Amino acid sequence: MTTIRPFRSRDSASEHVTERRLPRYTARQVRLPMQILGSAETMERETYWAEHSHPTHELLWRDNGVGTVTIGARTWTITPPLGMWIPAGVPHSGWTPAGVVVNAAQFDVDDSPISDAPTAVRIHPLLRLLLARLQTLDPRSESYALTEAMILDVISPAEHEVLLHRPTAELLAPIVETALTDPSDPTTLQEWAARLGTSPRTITRAFTAETGLGFNRWVTTARIHRAITLIGLGSEIPDAAADVGYASASAFTTACRRITGTTPANLRAEMPPTRLSV
């Protein structure tokens, strides 16, 4: 029988940042003695998880603050109302700030109530309550089995997700790097085309081919992706808006609603802030 080895952690350049390394498993390499096994850990330091994979399906969610999951070139933002479903055997990495409680539930591979592909999950109040209740019960009890069945019945994909697909085309590298390191950068599509010696149409085609989004939509998504993280770390909404290049609250609200399906104020209300250790 395969035994899961504990992760090995080591400090990065900052004494307040930890990198964790977990094993890589294929689907079904280790089986659960129950349908769902939950866990929770309070992160004392900002933490990065190197790429790894689980033998079970995994659901990640937060009660406060933010986090990210990266699979290949795609990065999802986790918030209290948005969890993340990762199928068994799918390599992924992650990040979370200090002070956040990282909730996780491992699902037996014979039960796949969500999707065979990574996807965001709406963590509505009933699902959150059931997931929390599971950790208080004896796994051998009838109540545990009933709670598992209820979780499998109510869990479902989210209507919206905060997903940023990072294109890898060499032509787009300067644009991507600028958007991720300085999302307030105001360079327009036409200005980038002139700078890179190409046409706006060529840039748009390259973005669409890899991400399904045109230049403007992709840049907006990168900005909102960063803004949500800033809000989750404690920034006020006007400050987060300015940090990602929005001169007015109304423009920021419109962009946020377009990408996430809700407003910054609603996100803030659902996302008690967590501050990074410094």
Percent of Cα-Cα pairs more than 21 Å apart in segment 156-278, please.
41 percent
Magnitude of the charge dipole, the chain, Cβ model with Lys/Arg +1 and Asp/Glu -1, debye to 20
340 debye
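If I take every Cα pair under 8 Å that is 6 or more residues apart in the chain, average their sequence separation and divide by the length, what percent do I get for the relative contact order?
On the way: 554 pairs, mean separation 50.0, N = 278.
Across the chain, relative contact order equals 18 percent.
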Computed FRET efficiency, Cβ-Cβ of residue 181 and residue 41, R0 25 Å: what is it to the nearest 0.05?
0.25
Interchain or sequence-distant (5+) residues whose placed amide H lies within less than 5 Å of the amide H of residue 78 are 67, 68, 69
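So if each residue of separation counts as 0.36 nm, and I subtract the Cα-Cα distance between residue 269 and residue 171, what length gain in nm does that give? Please list the in-between numbers first.
Numbers: separation 98, 0.36 × 98 = 35.28 nm, distance 3.95 nm.
Here the segment from residue 269 to residue 171 would lengthen by 31.3 nm.
Tally Lys/Arg at +1 and Asp/Glu at -1 over every other residue whose Cβ is under 14 Å from the Cβ of residue 195; what's the total? If you can, show how the numbers build up before the last one.
On the way: positive: none; negative: 177, 185, 191.
My count for the surroundings of residue 195 gives -3.
What's the Kirkwood radius of segment 130-201 in Å, using all Cα pairs? Please list the in-between numbers first.
Working: mean 1/r = 0.0595 Å⁻¹.
Taking every pair of different Cα atoms in segment 130-201, averaging 1/r and inverting gives 16.8 Å.
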Charge context of residue 70, other residues only, Cβ under 13 angstrom, K/R +1, D/E -1
+1
Residue by residue through segment 211-222, the couplings from Karplus 6.51 cos²θ - 1.76 cosθ + 1.60 with θ = phi - 60°, in Hz, x for Gly and Pro, are 10, x, 10, x, 4, 4, 5, 5, 4, 4, 4, 4
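As a test of the formula, what do you get for the chain when each DSSP H run with n ≥ 4 contributes -39,500 (n - 2.57) and the sum is divided by the residue count, at 222 nm and rounded to the nearest 500 deg cm²/dmol? It would help to have the intermediate numbers written out before the result.
Numbers: 9 runs with 96 residues, N = 278.
Only helices count here, giving -10500 deg cm²/dmol.
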Which value does Rg/Rh take for segment 24-119 over its C-alpha atoms, Rh per Kirkwood?
0.94
So how exposed is residue 250, as accessible area in Å² (1.4 Å probe, rounded to 10)?
80 Å²
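With Cβ to Cβ distances under 12 Å as the rule, what net charge do the other residues near residue 34 carry (K, R +1; D, E -1)? Could you put the intermediate results ahead of the total?
Numbers: positive: 31, 140; negative: 108, 110, 111, 138, 148.
Taking every other residue near residue 34 into account, the sum is -3.
What number does the chain give for Rg over Rh if you use C-alpha atoms and the Kirkwood radius? Please report the intermediate quantities before stating the final value.
Numbers: Rg = 19.8 Å, Rh = 20.0 Å.
With Rh from the inverse mean 1/r over Cα pairs, Rg/Rh is 0.99.
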With label points built 7 Å along Cα→Cβ from the Cα atoms of residue 51 and residue 145, find their separation and express it in nm.
4.1 nm
Between residue 101 and residue 248, 0.36 nm times their residue separation minus their Cα-Cα distance comes to what?
49.6 nm
Describe numerically, in nm with one decimal, the distance between label points set 7 Å from Cα along Cα→Cβ at residue 34 and at residue 159.
3.3 nm
Starting at the first residue of segment 182-194, write each ³J(HN,Hα) from the Karplus equation 6.51 cos²θ - 1.76 cosθ + 1.60 with θ = phi - 60°, in whole Hz, x for Gly and Pro.
9, x, 7, 4, x, 4, 8, 4, 5, 5, 5, 4, 5
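The values are calculated or read from the model by the stated rules, or taken from the named source; none is laboratory data. Source: prediction; values computed, not measured. Using ideal geometry, Cβ is built from the backbone for each residue, glycine included, and neighbour counts are taken over all protein chains shown. The protein model used for the area step is the full one, side chains on, heavy atoms only, and it has no ligands, DNA or RNA in it. Shrake-Rupley method; radii C 1.70, N 1.55, O 1.52, S 1.80 Å.
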